[in-house]
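The values are calculated or read from the model by the stated rules, or taken from the named source; none is laboratory data. Since the model is a prediction, treat every value here as computed from it, not as a measurement. No Cβ is skipped: glycine too gets one built from the backbone with ideal geometry, and neighbour counts run over all protein chains shown.
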Amino acid sequence: SPRARTPGAADLPIRDDLRGRDPYGAPQIDVPVRLNTNENPHPPSPRLVRALADAVERAAGSLNRYPDRDAVELRKDLADYLGHGVTADQVWAANGSNEIIQQILQVFGGPGRTALGFEPSYSMHPTIARVSGTEWINADRDADFGIDPQGAIGAIHRHRPDVIFLTSPNNPTGTALPLAVVQEILAVAPGMVVVDEAYAEFRRQGTPSALSLLPGNPRLIVTRTMSKAFAMAGTRLGYLAADPAVLEALLLVRLPYHLSTVTQVVARTAIAHREELLAAVGAIREERDALVGWLRGEGFAVADSDANFVLFGRFGDRGRVWRGLLDKGVLVREVGPPEWLRVTVGLPEEMAVFRTALAEVMGAEV
Ligand code: PMP
């Protein structure tokens, strides 16, 4: 007898514009070498684990109360960390920079409005845009994944987007954007310009942060996260720096008490230990540069990387290579243009396993 089909989301009266859409789904597979979500491979030290536990214990006694709705102390700490003259009234925090992006689009995007980005880039920008009812417009990057200012200006004049996303260093390509290009785009943007700097701390020398452009640019928003260099992906803490008027606008959409007391104290403790947490960044950068050199030496195409990951190719069938690596216990990411794969920079021993596995998979290919 025919089996009754199990009802799914499609049977529910969901919004028409969400029908047929795929949820975010980077595979969470338990393998020995996980190089697929751009995390920092270093877990907190025993000393930091102790400090985090003590901070949570101290906060636990007040968990009957709502958290500080405006996360005032945390924002002071984040401003202090950012430098560039940024003050607490220019800093806002939320549960990951994904929530920051969502709040930005809820305020400045929405039905009847558009957001423009340069693909390939971070897939959640268009996804969050669409979920917020904002129409997404894709503008292209050039062959080496940079943004050509003239092309960008043309696209901005054509589409008059309410929000522009620039990601620097860009995910999944790793490419950083020269400040001059950000400035040219700021000069013609009719709305808000968001520079997503999730990977800022991994940049090579000489690629400055867009934070230095905040004075005099009240429509610029720079977003950051503690998920990458800060090695705190599990904490879910993202933040932004912008003109205080932007923060005032964001208060219109943030949920009351969105940032838990536990999140706030854990983030503050991590910032207090930032020297230790960020100490690994230098080593990750060196490991990245060595990886780029090795891949190029092996004949792969490799995008210049200012991040903690590397985009490499080009593969006729990247799915086969991805699967071959997985069979050897190495998880990388099938993301970005179809002939490329992205690998996160892990510990030196993990990268050694990756190199051996890749060489074997490619040897088996021929
Ligand atoms: N922006 C970029 C460019 C990213 O790659 C990521 C994470 N992959 C994020 C934002 C979101 O990070 P989180 O929500 O953990 O801060």
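Just so you know, in the range 193-210 the residues that are away from the ligand (no atom under 16 Å from the Cβ) and within 24 Å of Gln150 (Cβ to Cβ) include one that is modelled with the lowest pLDDT, and it is Gly206. Pairs linking a residue in the range 39-60 that is without any contact (Cβ under 8 Å) to a residue 12 or more places away in the chain to a residue that is of a type outside the set (Val, Ile, Thr), with Cβ atoms under 9 Å and 6 or more positions apart or on different chains, are Val49/Pro43.
Does the range 16-30 include one or more residues that are at pLDDT 95 or above and hydrophobic (A, V, I, L, M, F, W, C)?
Within the range 16-30, not a single residue is at pLDDT 95 or above and hydrophobic (A, V, I, L, M, F, W, C).
Please verify whether the range 36-49 includes one or more residues that are surrounded by fewer than 11 Cβ atoms within 10 Å (Cβ to Cβ) and more than 30 Å from Ala200 (Cβ to Cβ). For the range 36-49, residues surrounded by fewer than 11 Cβ atoms within 10 Å (Cβ to Cβ) and more than 30 Å from Ala200 (Cβ to Cβ): absent.
Please find, within the range 239-281, the residue that is surrounded by the fewest Cβ atoms within 10 Å (Cβ to Cβ) out of those that are closer than 22 Å to Ser212 by Cα and not hydrophobic (A, V, I, L, M, F, W, C). If we take residues in the range 239-281 being closer than 22 Å to Ser212 by Cα and not hydrophobic (A, V, I, L, M, F, W, C), then Glu248 is surrounded by the fewest Cβ atoms within 10 Å (Cβ to Cβ). Of the residues making up the range 328-366, just one is over 17 Å from Arg318 (Cα atoms) and hydroxyl-bearing (Ser, Thr, Tyr), namely Thr356. Screening the candidates Asp68, Asp77 for the property of being touching a residue at least 40 places away in the same chain (Cβ under 8 Å) and in contact with a Lys or Arg (Cβ under 7 Å, 6 or more places away or on another chain) yields one hit, Asp77. Taking the residues in the range 299-354 that are outside any loop (DSSP other than H, G, I, E, B), touching a Lys or Arg at 6+ places or on another chain (Cβ under 7 Å) and hydrophobic (A, V, I, L, M, F, W, C) as candidates, determine which candidate is surrounded by the fewest Cβ atoms within 10 Å (Cβ to Cβ). The residue in question is Ala301. If you go through the range 109-125 and keep only what is in contact with a strand residue (DSSP E or B) (Cβ under 9 Å, 6 or more places away or on another chain) and small (Gly, Ala, Ser), you end up with Gly109, Gly112, Ala115, Gly117, Ser121.
Inside the range 71-89, residues that are on the phi > 0 side of the Ramachandran plot and within 16 Å of the ligand (Cβ to nearest atom) make up a count of 1.
Restricting the range 211-238 to residues that are polar (S, T, N, Q) and away from the ligand (no atom under 16 Å from the Cβ) leaves a set whose member that is surrounded by the most Cβ atoms within 10 Å (Cβ to Cβ) is Asn217. Quick check, is Asp68 more than 16 Å from the ligand (Cβ to nearest atom) and within 18 Å of Val222 (Cα to Cα)? For Asp68, the condition - more than 16 Å from the ligand (Cβ to nearest atom) and within 18 Å of Val222 (Cα to Cα) - is not met. Out of the residues in the range 109-129 that are away from the ligand (no atom under 13 Å from the Cβ) and crowded, with 22+ Cβ neighbours inside 10 Å, state the one that is nearest to Arg333 (Cα to Cα). So the residue we want is Ala129.
Trp92 meets the conditions (1) in contact with a strand residue (DSSP E or B) (Cβ under 7 Å, 6 or more places away or on another chain); (2) away from the ligand (no atom under 16 Å from the Cβ); (3) aromatic (Phe, Trp, Tyr) in every case but one. The failed one is (2).
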